[in-house]
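A quick write-up on the structure given underneath.
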Amino acid sequence: MVEPQLPIAAAAPARHLAGLNERQREAVEAIDGPVLVLAGAGTGKTRVLTQRLAHILALRKAWPSQILAVTFTNKAAREMRERVAREIGGAVEGLWLGTFHALAARLLRRHAELVGLKSNFTILDTDDQLRLLKQVMEAANLDTKRWPPRQVLAVIERWKDRGLLPGEVPEGEAEALAGGRGRALYAALQHRLATLNACDFGDLLLHCLTFLRGQADVLAQVAGQFRYLLVDEYQDTNLAQYLLLRLLAQGHRNLCCVGDDDQSIYSWRGAEIGNILRFEQDFPGARVIRLERNYRSTPHILGAASGLIANNRGRLGKELWTEGGEGEKIAVRGVWDGEEEARLVADEIETSQRAGGRLDRNAILVRASHQTRAFEERFLSLAIPYRLIGGLRFYERQEVRDALAYCRLIAQPDDDLAFERAVGVPRRGLGEATLRSLHRLARARGSSLMAAARLALEAEDIPARPRRALRQFLSQLARWRQALDHLPHVEVVESMLDESGYTAMWQADSAPDAAGRLENLKEFVRALAEFDTLTGFLEHVALVTDNEGEIAEDAVSLMTLHAAKGLEFDTVFLPGWEEGLFPNQRALDEGGNAALEEERRLAYVGLTRARRKVVISYAANRRLFDRWLSALPSRFIGELPAAHADVDATVGRDRGFAEWPSAHAARDSYQSRRMRLVSGGTLPPREGYADSAVTDAPGSSRYGVGQRVFHDKFGYGRVATVEGNKLDVVFETSGAKKVINAFVRPA
């Protein structure tokens, strides 16, 4: 049978190749077979991806529905779709373009019954995941204080990221979780999710892997559909995503992965840098194309970044270059403390602004979020507009989450987590006792809370007052659900918020933020109107990963290094380059050399965000847990090539701060690189502060100030003071405690 031609006008290949440099053109034209495009920072990878996709369509190599293109954010997916549409002169219908989770959700809805789900399953967010896991743990009589649900969930998420079902979890890992009950807890959670007809983000990929590996005919059908696979940010894929790609590409092998091993910075989210490093072994005969011409930064910035990242052993290797002018060298400045650091940055920005520069061309990229406070205070005092990237997102706000719970409940009645949230706001006289009764009935019948509520009303198992409230609530839900069949979903949701009493609850609230919450509800309805159906809106909310809050047009950007990936600015400030802070000591303690290399990649990302100027700063003294501590400059400063860095090493040296990065190579242990108490200078009084030196003398502590420790009850913390065998420890979740050193262990 002859396949009909694609409904897209063929364009001359030159149209899709015009303006590309030699390596970019090679990457676009290498259509068939496995291809790895190593795209350095600022080398135009987005353009290569877009032109490659358009080129495949222009040459009529495949229908749009036969192309699977994966991005890592919804924003990137939208931009690529728009660019491709412009290139081919019309909308691309049927193209599978989106994030891994969005595409997996689309695939799973087609085959949900193969993993025991219905096609209208609910996708849970982190908050609902935690609530559900806590319920499962309590039902198993597990102490949620001894085993915090958030920590347990993080372990289970990593198992899912690796494509492991409960029975496939290694015995040692399972034994280390929840008192040896890791597998049973994971299995119970999955059973509960199936009962609710729900899954979390990890399940989207895990379920797809399950039915593709277990159903040969389905695998043949799905893999046969997609002739070409394109993957962006391949260095950030986890093991489950890697396994899914291998399954889909095993026949035609037309897999093109674009990424940069030097920008792999998300191992804490499950990303496996090994996926990109072993691409040639996984796909024999693969072509590796390096994009090294940079269109963003100056030669000095690229030289500094390349010199720094060359210290990593786990990389495929490339050398960025540009035809631009030399520009300024990297400026490395030492300051006395964090406040002086904030003044230095603010002064630079004000000077630039007075010269006609825009504020939004400046960014401050920090390693840890707590570093932002000094800059925020300084900017507020000087009335410098700034935007803090990474605050509370719109869909995470209380009133929006409540409204979402109502919407989820009328769209999917078996959503127990939505039921629990909606039934409690506004107050209806349905207390904890009623909910516990419904939970017992639901567990006994193996049903949802909604079904249990109906049974309880029929049997009159609950007191009269809550029974009336529950009957009214169920009646309202049924009426709103039926209204969706003949009324626009926006009108139904507006009526639901009003008739439920939820809007009136905030109107009657005298709290200062009540008016803002009402405005958020209005914005929620406006967002809902952008979608054709309520189900489409709910899936969008579950999958959205972008933070697109409204910000001032001209403002300094303040964010973490992790949040800065993919962005660029004229001037980038990189504060806090000190040992223990950057590279981060906690990361080094937990991950060793692999973590050090990721920290170095994070520094590389920070440097390559800049177009024209980079200012790195380190402080001789930092306030940690209300105590002044001295720190060594980051080893990364010593790794910057002298030809590209202007290092001002005078600050601190004349005040007893003589340590310098060149000595770091011989100091790999934490104790030799620990932060030490200041012994002089102009800092506030420090009476009663113990020295941090570690000694083995009788009766003394084995721990030093600043050392990270773990306590079976209080969790992780850092030693603040030492007095003999007594420690003052500031724990991450329990606050400051006095403990005996025998009750903690190094973390």
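The values are calculated or read from the model by the stated rules, or taken from the named source; none is laboratory data. Please read these numbers as outputs of a predicted model, since none were measured by experiment. All Cβ positions, even for glycine, are placed from backbone atoms using ideal geometry, and neighbour counts span all protein chains on display. Calculation scope for accessible area: heavy atoms of the full protein, side chains included, ligands and nucleic acids excluded. Shrake-Rupley method; radii C 1.70, N 1.55, O 1.52, S 1.80 Å.
Given a 1.4 Å probe, how much area per residue of the chain is accessible, in Å²?
About 44 Å² of surface per residue is accessible.
If DNA, RNA and ligands are ignored and the probe is 1.4 Å, what is the ranking of Arg358, Arg468, Arg421 by accessible area, most exposed first?
If we order Arg358, Arg468, Arg421 from most to least accessible, we get Arg468, Arg358, Arg421.
How much net charge surrounds Leu455 when only the other residues with a Cβ under 10 Å from the Cβ of Leu455 are counted, with Lys and Arg +1 and Asp and Glu -1?
0
Quick check for me: using +1 on Lys/Arg Cβ and -1 on Asp/Glu Cβ, what's the dipole size of the range 477-519 about its Cα centre, in debye to the nearest 20?
160
Among the aspartates and glutamates, select those whose C-alpha is under 15 Å from the C-alpha of Lys738, and discard any that sit fewer than 8 residues away in the same chain.
Cross-link targets: Asp712, Glu723, Asp728.
As a check on your grasp of the helix formula, calculate [θ] at 222 nm for the chain: sum -39500 (n - 2.57) over DSSP H runs of n ≥ 4, divide by the residue count, round to the nearest 500.
Roughly -13000 deg cm²/dmol at 222 nm, from the helical runs in the chain.
Among Ile156, Thr99, Ile88, whose Cα lies farthest out toward the positive end of the dipole of the range 50-158, if unit charges sit on the beta carbon of Lys, Arg (+1) and Asp, Glu (-1)?
Ile88
Determine how large the accessible area of Val169 is when every protein chain is in place; take a 1.4 Å probe and give Å² rounded to the nearest 10.
0
I'd like the distance between the alpha-carbon centres of the range 335-361 and the range 265-317, rounded to an integer number of Å.
32
Using the basic label-point model (7 angstrom from Cα toward the beta carbon), what is the Ala355 to Trp268 distance in nanometres?
About 3.5 nm, to one decimal.
Only sites in a loop by DSSP and with at most 10 other Cβ atoms within 10 Å count here; which GluC sites (Glu not before Pro) in the range 392-488 make the cut?
Glu460
Given Thr560, Leu581, Gln281, which one lies farthest toward the positive end of the charge dipole of the chain, if we put +1 on the Cβ of every Lys and Arg and -1 on the Cβ of every Asp and Glu?
Going by the Cα projections, it comes out as Gln281.
How high is the relative contact order of the range 49-136, in percent, with contacts defined as C-alpha pairs under 8 Å that are six or more residues apart?
Across the range 49-136, relative contact order equals 25 percent.
Using a ≥ b ≥ c from the Cα gyration tensor of the range 472-523 (square roots of the eigenvalues), is it rounded, prolate or oblate, where a/c under 1.5 gives rounded and otherwise the larger of a/b and b/c decides, a/b for prolate?
oblate
Residues with beta-carbon under 15 Å from that of Pro488, excluding Pro488: net charge, scoring Lys, Arg +1 and Asp, Glu -1?
-3
List the trypsin sites (Lys or Arg not before Pro) within the range 26-61 that DSSP assigns to loop and that have no more than 16 neighbouring Cβ atoms inside 10 Å.
Arg60, Lys61
Could you work out what % of the accessible surface of the chain is carbon and sulfur, using a 1.4 angstrom probe and leaving DNA, RNA and ligands out of the count?
Answer for the chain is 49 percent, counting heavy atoms of protein chains only.
Determine, for each peptide in 324-330, 404-410, the mean count of other beta carbons within 10 angstrom over its residues, then list the peptides with the highest first.
404-410, 324-330
About the Cα centre of the chain, how large is the charge dipole given +1 on each Lys and Arg Cβ and -1 on each Asp and Glu Cβ? Please answer in debye to the nearest 20.
The dipole magnitude comes to about 1000 debye.
In the neighborhood of Glu598, defined by Cβ-to-Cβ distances under 13 Å, what is the net charge if each Lys or Arg adds +1 and each Asp or Glu adds -1?
+1
If you place +1 on the Cβ of every Lys and Arg, -1 on the Cβ of every Asp and Glu, and leave all else neutral, what size is the dipole of the range 152-265 about its Cα centre, to the nearest 20 Debye?
Dipole about the Cα centre, nearest 20: 520 debye.
Which of the peptides 95-101, 133-139 is most tightly packed, and how do the rest follow, going by the mean number of other Cβ atoms within 10 Å of each residue?
Highest to lowest by the protection proxy: 95-101, 133-139.
Which lysines have a Cα lying under 22 Å from the Cα of Lys318, excluding residues fewer than 8 positions away in the same chain?
Cα-Cα hits under 22 Å: Lys45, Lys329, Lys565.
Quick check: from the Cα gyration tensor, does the range 180-288 come out rounded (a/c under 1.5), prolate or oblate?
oblate
Over the chain, what relative contact order in percent results from Cα pairs under 8 Å that are six or more residues apart?
Result for the chain is 14 percent.
Which Cα, out of Leu206, Ala220, Thr237, lies furthest along the positive dipole direction of the range 198-238 (beta carbon charges, K/R +1, D/E -1)?
Selected residue: Ala220.
Just how far, in whole angstrom, is the range 554-583 from the range 430-509 if you go by their alpha carbon centroids?
With the range 430-509 and the range 554-583 each reduced to a Cα centre, they are spaced 47 Å.
Heads up, I need the accessible area for Trp63: 1.4 angstrom probe, whole protein in place, Å², nearest 10.
60
When we measure straight from the Cα of Lys75, which aspartates and glutamates land under 14 angstrom away, once same-chain ones fewer than 8 places off are left out?
Asp232, Glu233, Asp546, Glu548
For Arg290, which sequence-distant residues (separation of 5 or more, or a different chain) have an amide H within less than 5 Å of its own amide H, given hydrogens modelled in the peptide plane?
Leu38
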